[in-house]
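The values are calculated or read from the model by the stated rules, or taken from the named source; none is laboratory data. Values in this document were obtained by computation on a predicted structure and should not be read as measured data. Backbone-built Cβ (ideal geometry, glycine too); neighbour counts: all protein chains shown.
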Amino acid sequence: MSHNLAMKIQEIYTYKDYMTWNDNHYWELIDGVAYQMAPPSRRHQDISGELHYQFKHYLRDKNCKVYHQPFGVRLPLENEPDEYIKNALLPDIAVVCDQKKLDDAGCRGAPDLIIEILSPSTSKKDLKDKRELYEKAGVKEYWIVDPYHNAVQIYILGENNSYGKSKVYSQNDKVKVGIFDDLEIDLERVLG
């Protein structure tokens, strides 16, 4: 989803504040700063839909589940209670294999894989802020889809719990998903 500028005026918010907002808008909290989400573009929806379809088809009859926007992901610090969480996100795609992390509000803790689709207003957040946050939280695999350059940048969490250097793929590639032994995503279908 696209981000607008932070719209809430308080300096720092928690998930407890977040749960009281019923203004018919989607919001994300990043380090306690609230960002309103704008509706995604048609191209964004096409890409998200195809990615969701390929993952959903593969995961049928498996333990892992794939979710698409808006799906709430809360990233607590250690055993922090929900009301104090300062990172509540709505990734475009999330794959969760640990069913204990799932509840009615979404996912509490790091999903195994997250995909964000860039828009002009989200590039900095997706490329830097969210990448750092997902790395720190322990998201095993983070994909950034760039619909303007028909490319996908993939970070894999290494043994030292850091992403290291990303790999970049183009529209003509088939990408092996790192968290699964036998899943390849056809980027021609995603970005074509």
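For segment 33-54, which residues satisfy the criterion of being farther than 15 Å from SER121 by Cα and crowded, with 17+ Cβ neighbours inside 10 Å?
Of everything in segment 33-54, those that are farther than 15 Å from SER121 by Cα and crowded, with 17+ Cβ neighbours inside 10 Å turn out to be ILE47, SER48, GLU50, LEU51, HIS52, GLN54.
Only one of (1) at pLDDT below 90; (2) surrounded by fewer than 16 Cβ atoms within 10 Å (Cβ to Cβ); (3) polar (S, T, N, Q) fails for THR20. Which number is that?
Result: THR20 fails condition (1) only.
I'm told HIS149 meets every condition in (1) assigned to a loop (DSSP other than H, G, I, E, B); (2) touching a strand residue (DSSP E or B) at 6+ places or on another chain (Cβ under 8 Å) except one. Can you identify the failing condition by its number?
(2)
Starting from segment 19-37, keep only residues that are within 17 Å of GLN69 (Cβ to Cβ), then list their pairs with residues that are among the small types (Gly, Ala, Ser) whose Cβ atoms are within a distance under 6 Å, requiring at least 6 positions of separation or different chains.
TRP27/ALA34; LEU29/ALA88; TYR35/ALA6
Of all residues being aromatic (Phe, Trp, Tyr) and part of a loop (DSSP other than H, G, I, E, B) in segment 152-192, which is farthest from PRO120 (Cα to Cα)? Just the residue, please. So that I can check it myself, show each step before the final result.
The initial filter retains those residues of segment 152-192 that are aromatic (Phe, Trp, Tyr), namely 155, 163, 169, 180.
Still in the list and also part of a loop (DSSP other than H, G, I, E, B): 163, 180.
Working: TYR163: 24, PHE180: 31 Å.
Among those residues, the one meeting the criterion is PHE180.
Output the qualifying pairs, or none if there are none: Cβ atoms under 8 angstrom, residues six or more apart or on different chains, first residue in segment 166-189 and within 18 Å of LYS140 (Cβ to Cβ), second residue modelled with pLDDT of 95 or more and among the basic types (Lys, Arg).
GLY178/LYS140; ILE179/LYS140; LEU183/LYS176; GLU184/LYS174; GLU184/LYS176; ILE185/LYS174
I'm checking my understanding of the structure. Among residues of segment 96-108 that are free of Cβ contacts under 8 Å to residues at least 12 places away in the same chain and not in a loop (DSSP other than H, G, I, E, B), which one is surrounded by the most Cβ atoms within 10 Å (Cβ to Cβ)?
Result: LYS101.
Would you be able to tell me the number of residues in segment 115-141 that are part of a loop (DSSP other than H, G, I, E, B) and among the β-branched types (Val, Ile, Thr)?
2
List, please: which pairs have Cβ atoms under 6 Å, are six or more places apart or on different chains, and start with a residue in segment 109-137 that is more than 14 Å from ILE30 (Cα to Cα) and end with one that is acidic (Asp, Glu) and part of a helix (DSSP H, G or I)?
If the second residue must be acidic (Asp, Glu) and part of a helix (DSSP H, G or I), the pairs left are GLU116/ASP126; LEU118/ASP126.
If you check PRO111, PRO91, which single one turns out to be of a type outside the set (Lys, Arg), under 19 Å from TYR18 (Cα atoms) and surrounded by 24 or more Cβ atoms within 10 Å (Cβ to Cβ)?
The conditions single out PRO91.
Going by the structure shown, is LEU59 without any contact (Cβ under 8 Å) to a residue 24 or more places away in the chain, among the aliphatic types (A, V, I, L, M) and surrounded by fewer than 20 Cβ atoms within 10 Å (Cβ to Cβ)?
no
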